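Peer 1: The structure that follows is given in the form of structure tokens.
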Amino acid sequence: MLRDIFAPKKMKKLLLLGALLAAGVSTYAQKASHVVLITIDGFRPEFYTDASWGMFNLRHLKDNGVAADGVNCIFPSVTYPDHTSIITGVTPAKHGIFYNAPFEPAGATGRWYWHYEAIKTPTLYDLVRQAGKTSANVIWPVTVGAPVDYNVPDIWPVGGNKDRRELTASVCTPATLWKEVQENATGTMAAADITMENGELIMDENVARIGAYLIRTYKPALTTLHLPCADHYEHEEGRDGLLVRKAVAGADRALGTVIESLKRAGIYDSTVIIVTGDHGFVNVKQIFSPNILLAKNSLMNNIAAGDWKAQFHTSGGAAFLHLKNKNDVATLNKVKALLHTLPANQQAMFKIIDQQQLASVGADPNAAMALAASDGVNISGTVKGELVKAGKGGAHGYFPDFRDIQTGFVAFGPGLKKGVVVKEMKVTDVAPVVAKLLGLSFGEIDGKIPAGILQ
């Protein structure tokens with residue numbers, strides 16, 4: 001009987017069966033059950049291609065996973081529209097988050113696109129919930145009221161009050177989550193512990209600690225984290241500076257906290273970690289204020305009283321022209337004529353983006369045209385003062401057609417190839433990658449999975 005079992009032919013069958021079982025186990029082990037999607041606001045490819053930036057955790061992920069030489073943003077290249085494109089896979093014309101703050105004809109109130117109901121297309125959060133999986137979030141933009149199981153949304157009071165704690169606590173899901181994370185992750189937080197002031201980096205630390213706690217405790221299928229400090233200090237110092245470098249290194253430490261939490265939770269080997277961003281940064285030398293031109297020519301007299309024909313809604317290195325009457329061709333032509341009569345050195349500070357071009361990049365369909373600032377120029381919405389003045393620090397929002405405004409992408413974990421470099425991709429390509437790894441599907445979207453990154 002024993003001799004019969006170990007006969008050569010049967011031995012081959014047993015070996016084959018063993019190999020197939022081993023292959024099956026190996027394939028199963030390589031499946032991603034979890035994705036942690038992290039954005040570093042103001043993230044640039046050199047942060048992980050140049051070792052001097054101190055991102056040792058991220059460079060390890062890059063060397064053992066997938067990285068992009070550059071990632072093209074949407075227009076305008078600002079935080080809220082780009083973050084929404086990252087989780088929807090579509091451009092603002094489709095998802096509806098056109099700017100950080102909505103255009104308000106009677107003047108800006110200070111409110112941003114905080115509420116999830118403003119998003120017009122499905123997101124990764126929707127797909128995860130529909131699949132019966134769990135999700136967690138810490139200050140990802142446009143998430144107040146999002147279908148997220150453990151949700152700490154991004155929101156703050158309008159006006160000069162920088163203490164976001166009470167408002168944040170009121171919109172968390174579940175309602176007791178703010179209390180829970182302080183008791184188990186951060187300790188009782190002061191106002192300064194969840195903001196960016198005086199060169200401090202504690203906000204990124206606390207975002208990571210909260211995220212790490214949620215990962216260890218609930219093991220969500222999808223976790224989204226937004227680290228804002230690098231952006232804050234790039235606005236202050238430009239593309240490089242002591243605080244910028246400290247913030248970048250701090251973001252890497254925050255990434256390390258997340259990695260450690262995955263290992264403690266026992267899900268590191270079944271988790272894909274994606275680190276990406278919303279935009280790059282440009283050093284500012286000059287500020288151009290086109291609304292001053294409109295005000296001087298009686299096109300923008302008193303917006304609060306409704307006495308206006310045209311106004312630019314500014315967004316960093318971009319400005320979008322809105323007409324009180326969308327069919328007012330005469331006013332549109334007058335604005336163009338005013339811009340064309342500026343001195344050559346001032347005309348060189350921007351390029352005009354017409355409606356056809358806006359449509360081609362999926363920008364706000366309500367804008368009659370836009371201005372895309374040149375490298376080194378920021379656009380202000382003010383109606384008083386000098387048309388052109390000196391500027392400093394850094395900005396974004398620019399048309400996504402040059403290197404400095406590109407963001408980055410690094411992905412590591414099961415289901416991804418090792419050592420792959422993607423020459424160029426788009427922020428809209430992130431969503432289909434995450435969906436594929438988690439076995440979800442969007443249907444028809446703008447984004448595409450970059451070729452050659454999946455096993």
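The values are calculated or read from the model by the stated rules, or taken from the named source; none is laboratory data. Keep in mind it's a predicted model, so treat the numbers as computed, not measured. Quick reminder, even Gly has a Cβ in these numbers, built from the backbone with ideal geometry, and neighbours come from all protein chains shown.
Peer 1: Specify the residue that is surrounded by the most Cβ atoms within 10 Å (Cβ to Cβ); the eligible residues are those in region 211-249 that are more than 19 Å from the chain's Cα centre (by Cα) and under 22 Å from residue 84 (Cβ atoms).
Peer 2: Taking the candidates together, the pick is 214.
Peer 1: Related question: Considering only residues of region 224-263 that are outside any helix (DSSP H, G or I) and without any contact (Cβ under 8 Å) to a residue 40 or more places away in the chain, which is farthest from residue 193 (Cα to Cα)? Show your work before the answer.
Peer 2: Looking only at region 224-263, we keep the residues that are outside any helix (DSSP H, G or I), and these are 224-228, 238-241.
In the following step, the residues that additionally are without any contact (Cβ under 8 Å) to a residue 40 or more places away in the chain were identified as 240-241.
Values: 240: 24, 241: 23 Å.
Looking at the filtered set, the residue picked out is 240.
Peer 1: So which of 418, 436 is at pLDDT 95 or above, part of a loop (DSSP other than H, G, I, E, B) and either among the basic types (Lys, Arg) or assigned by TED's automatic domain parsing to the domain that holds residue 42 (or both)? Walk me through it before giving the result.
Peer 2: Values: 436 fails: part of a loop (DSSP other than H, G, I, E, B).
Among 418, 436, only 418 is at pLDDT 95 or above, part of a loop (DSSP other than H, G, I, E, B) and either among the basic types (Lys, Arg) or assigned by TED's automatic domain parsing to the domain that holds residue 42 (or both).
Peer 1: Against the condition in a loop (DSSP other than H, G, I, E, B), surrounded by fewer than 24 Cβ atoms within 10 Å (Cβ to Cβ) and modelled with pLDDT of 95 or more, how does residue 101 come out, does it pass? Step through it out loud before you land on a result.
Peer 2: Values: in a loop (DSSP other than H, G, I, E, B): yes; surrounded by fewer than 24 Cβ atoms within 10 Å (Cβ to Cβ): yes; modelled with pLDDT of 95 or more: yes.
In short, yes.
Peer 1: As an exercise: evaluate residue 275 against (1) more than 15 Å from residue 76 (Cβ to Cβ); (2) out of contact with any strand residue (DSSP E or B) (no Cβ under 7 Å at 6 or more places or on another chain); (3) not in a helix (DSSP H, G or I) and give the number of the one condition it does not meet.
Peer 2: (2)
Peer 1: What helices (runs of 4 or more DSSP H), lying completely within region 317-396, carry at least 2 residues that are β-branched (Val, Ile, Thr) and outside the structural domain of residue 234 (by TED's automatic domain parsing)? Break it down into steps so the answer makes sense when it comes.
Peer 2: Numbers: elements: 329-340, 344-347, 355-360.
Because the criterion is at least 2 residues that are β-branched (Val, Ile, Thr) and outside the structural domain of residue 234 (by TED's automatic domain parsing), the helices (runs of 4 or more DSSP H) in region 317-396 that meet it are 329-340.
Peer 1: Separate question: Find all pairs meeting these conditions: Cβ atoms under 6 angstrom apart; at least six residues apart or on different chains; first residue within region 139-167 and touching a residue at least 60 places away in the same chain (Cβ under 8 Å) and of a type in the set (D, E, K, R); second residue buried (at least 16 other Cβ atoms within 10 Å of the Cβ) and not in a loop (DSSP other than H, G, I, E, B).
Peer 2: 149/135
Peer 1: While we're looking at this one, here's another question. Could we say that residue 388 is at pLDDT 95 or above, in contact with a strand residue (DSSP E or B) (Cβ under 6 Å, 6 or more places away or on another chain), buried (at least 21 other Cβ atoms within 10 Å of the Cβ) and β-branched (Val, Ile, Thr) here? Give the derivation first.
Peer 2: Working: at pLDDT 95 or above: yes; in contact with a strand residue (DSSP E or B) (Cβ under 6 Å, 6 or more places away or on another chain): yes; buried (at least 21 other Cβ atoms within 10 Å of the Cβ): no; β-branched (Val, Ile, Thr): yes.
It is false that residue 388 is at pLDDT 95 or above, in contact with a strand residue (DSSP E or B) (Cβ under 6 Å, 6 or more places away or on another chain), buried (at least 21 other Cβ atoms within 10 Å of the Cβ) and β-branched (Val, Ile, Thr).
Peer 1: Assigned by TED's automatic domain parsing to the domain that holds residue 353, of a type outside the set (Asp, Glu) and either surrounded by fewer than 23 Cβ atoms within 10 Å (Cβ to Cβ) or on the phi < 0 side of the Ramachandran plot (or both): does that describe residue 430? First the steps, then the outcome.
Peer 2: Numbers: assigned by TED's automatic domain parsing to the domain that holds residue 353: no; of a type outside the set (Asp, Glu): yes; either surrounded by fewer than 23 Cβ atoms within 10 Å (Cβ to Cβ) or on the phi < 0 side of the Ramachandran plot (or both): yes.
Answer is no for this residue.
Peer 1: So residue 419 ticks every box in (1) surrounded by 23 or more Cβ atoms within 10 Å (Cβ to Cβ); (2) farther than 30 Å from residue 294 by Cβ but one. Which box is left unticked?
Peer 2: Looking at each condition in turn, residue 419 falls short on (1).
Peer 1: Every residue in region 248-276 that is of a type in the set (Gly, Ala, Ser) and in contact with a Gly (Cβ under 6 Å, 6 or more places away or on another chain), please.
Peer 2: First pass over region 248-276, keeping only residues of a type in the set (Gly, Ala, Ser): 249-251, 254, 256, 261, 265-266, 270.
Selection gives 249 alone.
Peer 1: Same structure, new question: Go through (1) under 23 Å from residue 100 (Cβ atoms); (2) touching a Pro at 6+ places or on another chain (Cβ under 7 Å) and name the single condition residue 248 misses.
Peer 2: (2)
Peer 1: Continuing with the same structure: Looking at region 256-271, is at least one residue more than 25 Å from residue 45 (Cβ to Cβ), surrounded by 21 or more Cβ atoms within 10 Å (Cβ to Cβ) and in the same structural domain as residue 37 (by TED's automatic domain parsing)?
Peer 2: yes
Peer 1: Run down 413, 408, 394 and say which single residue is at pLDDT 95 or above, at positive phi, among the small types (Gly, Ala, Ser) and crowded, with 16+ Cβ neighbours inside 10 Å.
Peer 2: 413 is the lone residue from the list that is at pLDDT 95 or above, at positive phi, among the small types (Gly, Ala, Ser) and crowded, with 16+ Cβ neighbours inside 10 Å.
Peer 1: Going by the conditions given, is residue 379 among the aliphatic types (A, V, I, L, M) and in contact with a His (Cβ under 7 Å, 6 or more places away or on another chain)? So that I can check it myself, show each step before the final result.
Peer 2: Values: among the aliphatic types (A, V, I, L, M): yes; in contact with a His (Cβ under 7 Å, 6 or more places away or on another chain): no.
In short, no.
Peer 1: (1) under 21 Å from the mean Cα position of the chain (by Cα); (2) buried (at least 21 other Cβ atoms within 10 Å of the Cβ): which one isn't true of residue 181, the others all being true?
Peer 2: (1)
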